[in-house]
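S.K.: Once you've had a glance at the structure underneath, I'll fire off some questions.
The values are calculated or read from the model by the stated rules, or taken from the named source; none is laboratory data. Keep in mind it's a predicted model, so treat the numbers as computed, not measured. Cβ placement follows ideal geometry from the backbone for every residue including glycine, while neighbour counts extend to all protein chains displayed.
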Amino acid sequence: MVASGDVRLELEAAIAQWLGANALVVFAFGVCLALAGAVFGWRIVGRHLQRNAADTQPSPMPVALLLAAGFVVLLGAASGFAEIAEGIGQGGDVARFDEAFSSALAANVAPATLDAFAVVTRLGDTATIAALGVLVAAVLVIRGRRRLAFGWGIALAGNALLNETLKHVFERVRPVHASGVVAAEGWSFPSGHSSGAVVAYGLLAYVLIRALPPRWHPAVVLVAVALAFTIGSSRVFLQVHYPSDVVAGFLSGSAWLAICIVGFEFARRYRST
């Protein structure tokens, strides 16, 4: 008689293998889910950001709402990150899923798909994020938004430091990426491209919301979400990260992004940026 634990392990492996073999379908579904989440989130806090885009004194209630939303994001992200971290050790549930998924993906992904994701992943490179950081900061300074420029720089640098610290805490070895399309060194968990994309493009969306007419705001949010999700996903397709690395990067980046946006909004409550 087969033990129930063995049946569970076999089922988990079968699911991971199916998902890896149909990774593009999973990716497309993930994009749709992320965009739906962005629409839902925008309905909750977007009106506050939109209404106060040019205001220096947001009303107390919307600020309290934003604080509550930020707390929910922070708490959810931290809880999810902790759950993943607990299972990435050798023999852990998450580690087994990662191995099965990555093996199935490597056996089924087409070279053209790898080439496409190799282009997209460059948008999350350290050099690209750094160049974006300098460019946006320079534009903000020229437009007289020095405090916002300073906050933007601190936010990007803080996320980079946080991610590097977490990598050294967990010291997870990267998966074998034999495709040769891209090379990656250093520890694997969490994904720096994933967290960096969430923070950089999420904050860029925040800055643009404060600068552009309201009709552009939903599109800015959706593009930022789609871009961050695609950059993170590219790391799995290119086999330089496990799926859990990318999810953990999304979570840590979302937590830091929530902290930064709430901080910016509270700063605007007392003084114009």
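S.K.: Tell me yes or no: at least one residue of the stretch 225-243 is aromatic (Phe, Trp, Tyr), closer than 28 Å to Asp93 by Cβ, in contact (Cβ under 8 Å) with a residue 60 or more places away in the chain and not in a helix (DSSP H, G or I). Explain how you work it out, then say what you get.
M.R.: Initially, the stretch 225-243 is screened for residues aromatic (Phe, Trp, Tyr), giving 229, 237, 242.
Remaining after also requiring closer than 28 Å to Asp93 by Cβ: 229, 237, 242.
From the residues that got through so far, the ones that are in contact (Cβ under 8 Å) with a residue 60 or more places away in the chain too are 229, 237, 242.
The next check asks that each one be not in a helix (DSSP H, G or I); those that pass are 242.
Scanning the stretch 225-243, I find at least one residue that is aromatic (Phe, Trp, Tyr), closer than 28 Å to Asp93 by Cβ, in contact (Cβ under 8 Å) with a residue 60 or more places away in the chain and not in a helix (DSSP H, G or I), so the answer is yes.
S.K.: Take the conditions over 18 Å from the mean Cα position of the chain (by Cα) and either buried (at least 23 other Cβ atoms within 10 Å of the Cβ) or modelled with pLDDT of 90 or more (or both) and apply them to Gly151. Does it pass?
M.R.: yes
S.K.: Name the residues in the stretch 86-129 that are surrounded by 15 or more Cβ atoms within 10 Å (Cβ to Cβ), of a type in the set (A, V, I, L, M) and more than 12 Å from Leu238 (Cα to Cα), would you?
M.R.: Residues satisfying the conditions are Ile88, Val94, Ala95, Ala100, Ala104, Leu123, Ile129.
S.K.: Follow-up question, since we're still on this one. Among all residue pairs at least 6 apart or on different chains, which show Cβ distances below 6 Å where the first residue, located in the stretch 14-35, is surrounded by 15 or more Cβ atoms within 10 Å (Cβ to Cβ) and the second is among the polar types (S, T, N, Q) and modelled with pLDDT of 90 or more?
M.R.: From residues that are surrounded by 15 or more Cβ atoms within 10 Å (Cβ to Cβ), the pairs are Phe27/Ser233.
S.K.: Please go through the stretch 192-227 and give me each residue that is buried (at least 20 other Cβ atoms within 10 Å of the Cβ) and aromatic (Phe, Trp, Tyr), ordered by number.
M.R.: Once the filter is applied, which keeps residues that are buried (at least 20 other Cβ atoms within 10 Å of the Cβ) and aromatic (Phe, Trp, Tyr), the stretch 192-227 yields Tyr201, Tyr206.
S.K.: Could you check, for the stretch 226-245, whether at least one of its residues is more than 17 Å from Leu24 (Cα to Cα), modelled with pLDDT of 95 or more and of a type in the set (Gly, Ala, Ser)?
M.R.: no
S.K.: Counting only residues that are more than 24 Å from the chain's Cα centre (by Cα) and of a type in the set (Gly, Ala, Ser), which one in the stretch 105-122 is nearest to Pro243 (Cα to Cα)? Outline the logic, then answer.
M.R.: The first filter runs over the stretch 105-122 and keeps only residues more than 24 Å from the chain's Cα centre (by Cα), leaving 107-108, 110-112.
Within this subset, residues satisfying the condition of being of a type in the set (Gly, Ala, Ser) are 107, 110, 112.
Numbers: Ala107: 16, Ala110: 18, Ala112: 20 Å.
Filtering the stretch 105-122 for residues that are more than 24 Å from the chain's Cα centre (by Cα) and of a type in the set (Gly, Ala, Ser), the one nearest to Pro243 (Cα to Cα) comes out as Ala107.
S.K.: Now a separate question. Does Trp256 qualify as being free of Cβ contacts under 8 Å to residues at least 60 places away in the same chain and either part of a helix (DSSP H, G or I) or among the aromatic types (Phe, Trp, Tyr) (or both)?
M.R.: On the way: free of Cβ contacts under 8 Å to residues at least 60 places away in the same chain: no; either part of a helix (DSSP H, G or I) or among the aromatic types (Phe, Trp, Tyr) (or both): yes.
Here the answer is no, as Trp256 does not meet what is asked.
S.K.: May I ask you to verify whether Val173 is of a type outside the set (Gly, Ala, Ser) and part of a helix (DSSP H, G or I)? So that I can check it myself, show each step before the final result.
M.R.: Numbers: of a type outside the set (Gly, Ala, Ser): yes; part of a helix (DSSP H, G or I): no.
No.
S.K.: If I filter the stretch 177-222 down to residues being among the hydrophobic types (A, V, I, L, M, F, W, C), under 27 Å from Val236 (Cβ atoms) and assigned to a loop (DSSP other than H, G, I, E, B), which single residue comes out as modelled with the highest pLDDT?
M.R.: Phe189
S.K.: Right, something else. When both residues are 6+ apart or on different chains and their Cβ atoms are under 6 Å apart, which pairs have a first residue that lies in the stretch 125-147 and is part of a loop (DSSP other than H, G, I, E, B), and a second that is of a type in the set (Ser, Thr, Tyr)?
M.R.: What qualifies is Arg145/Thr273.
S.K.: Okay, next question. Name the single residue that is modelled with the lowest pLDDT among those in the stretch 246-273 being closer than 25 Å to Arg146 by Cβ and aliphatic (A, V, I, L, M). Let's see the steps before the verdict.
M.R.: At the first step, the residues of the stretch 246-273 found to be closer than 25 Å to Arg146 by Cβ are 256-273.
Among the residues that remain, those that are also aliphatic (A, V, I, L, M) are: 257-259, 261-262, 267.
Numbers: Leu257: 93, Ala258: 88, Ile259: 89, Ile261: 88, Val262: 84, Ala267: 78.
Going through the qualifying residues, I end up with Ala267.
S.K.: Looking at the stretch 71-89, I want the residues that are in contact (Cβ under 8 Å) with a residue 24 or more places away in the chain and have a partner that is assigned to a helix (DSSP H, G or I) and surrounded by fewer than 13 Cβ atoms within 10 Å (Cβ to Cβ) with Cβ atoms under 9 Å, at least 6 apart or on another chain. Which pairs are those?
M.R.: So the pair list comes out as Ala85/Val169.
S.K.: Still on this structure, I have one more. Test Val109 against the criterion of being among the β-branched types (Val, Ile, Thr) and without any contact (Cβ under 8 Å) to a residue 40 or more places away in the chain, and give yes or no.
M.R.: On the way: among the β-branched types (Val, Ile, Thr): yes; without any contact (Cβ under 8 Å) to a residue 40 or more places away in the chain: no.
No; evaluated as a whole, the condition is false for this residue.
S.K.: OK, next. Before we move on, is Ser4 of a type in the set (S, T, N, Q), at pLDDT below 80 and more than 24 Å from Val262 (Cβ to Cβ)?
M.R.: Values: of a type in the set (S, T, N, Q): yes; at pLDDT below 80: yes; more than 24 Å from Val262 (Cβ to Cβ): yes.
So Ser4 fits the description; yes.
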